[in-house]
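Below: the structure, in structure tokens.
The values are calculated or read from the model by the stated rules, or taken from the named source; none is laboratory data. Just so we're clear, the structure is a prediction, and the values are computed from it rather than from any experiment. Every residue, glycine as well, gets a Cβ built from its backbone with ideal geometry; the counts of neighbours run over all protein chains shown.
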Amino acid sequence: MTNLSYDFSGLAATDKSEKPDQQKKPTPFSLRLSFEERARLERDAAGMSLGAYIRERLFGEDAAPRKTRGKFPVKGSAPRSGVNCSPAGC
């Protein structure tokens, strides 16, 4: 193993960006459904997102409110999409 790959492996193994007091988010839960099961779920949800419908059915009034992103961009940040760019470039 070369010094470069050894140094990279050592640095990559430590994650300094994560704070020790910060808790990790739980991993997402995945559920496989048959075509018929999903069709029934979508029909019963009647326009609600499937996640919201399942959460409501499972937890009812006890469901914790979902966190949403802010509606306004951070002041001074550039737009993330190329919508404002002309064909000649940004």
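Taking LEU41 as the residue in question, decide whether it is part of a helix (DSSP H, G or I), of a type outside the set (Gly, Ala, Ser), over 17 Å from the mean Cα position of the chain (by Cα) and modelled with pLDDT of 90 or more. Taking the combined requirement at face value, the residue satisfies it. Residues that are more than 20 Å from ARG66 (Cβ to Cβ), assigned to a loop (DSSP other than H, G, I, E, B) and modelled with pLDDT under 60 occur at least once in segment 1-9.
On the stretch given as segment 44-66, residues that are assigned to a loop (DSSP other than H, G, I, E, B) and among the hydrophobic types (A, V, I, L, M, F, W, C) total 4.
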